[in-house]
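As structure tokens, the structure follows; a few thoughts come after it.
Every number in this text was worked out from the coordinates using simple rules, so none of it is lab data. Note that the coordinates shown come from a computational prediction; the quantities given were computed from them, not determined experimentally. Cβ atoms come from the backbone with ideal geometry, glycine included; neighbour counts cover every protein chain shown.
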Amino acid sequence: MTELPDPATPLYAHPLPTLECWLKEIGAVQQRGNICRWDLHLSDWSAELELETEELTVRWHQDGSRTVRQFPYGLSRADVEAAIMLGP
């Protein structure tokens, strides 16, 4: 398994295989039909994470509603992970 850099490291400093390893570590599963999209399911909500050119887009789904946020790759992995896991 790929070793992750310090959590304070901006996402742009992570090679793609390292970003994929991190997404797996937080419980996300890569979609078969679109390798840029990942699904994350927790007890209260689910989310679709998309690795885009300029940012990581997160679409949370909870009780029939949807919340969308974009996180620039300049943010630290720790900050983005905290925001994702906080949920909608």
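In order along the range 4-10, the Karplus-derived 3J(HN,Hα) couplings, from 6.51 cos²θ - 1.76 cosθ + 1.60 at θ = phi - 60°, round to 7, x, 3, x, 7, 6, x Hz, and Gly and Pro are given as x. The angle between the Cα long axis of helix 16-25 and the main principal axis of the chain comes to about 50°, on a 0 to 90 degree scale. Using only side-chain charges placed at the Cβ, +1 for Lys and Arg and -1 for Asp and Glu, the dipole size of the chain relative to its Cα centre rounds to 200 debye. Cα-based radius of gyration for the range 11-86, normalised by 2.2 N^0.38 Å, reads 1.03.
Give, as a single signed number, the net charge of other residues whose beta carbon lies under 12 Å from the beta carbon of Y73, with Lys and Arg counted +1 and Asp and Glu -1. Net local charge, Y73 excluded: -3. 3J(HN,Hα) along the range 56-66, derived from phi through the Karplus expression 6.51 cos²θ - 1.76 cosθ + 1.60 where θ = phi - 60°, amounts to 9, 9, 10, 10, 8, 10, 8, 6, x, 10, 10 Hz, with x in place of Gly and Pro. Neighbour counts of other Cβ atoms within 10 Å put W38, W45 in the fewest-to-most order W45, W38.
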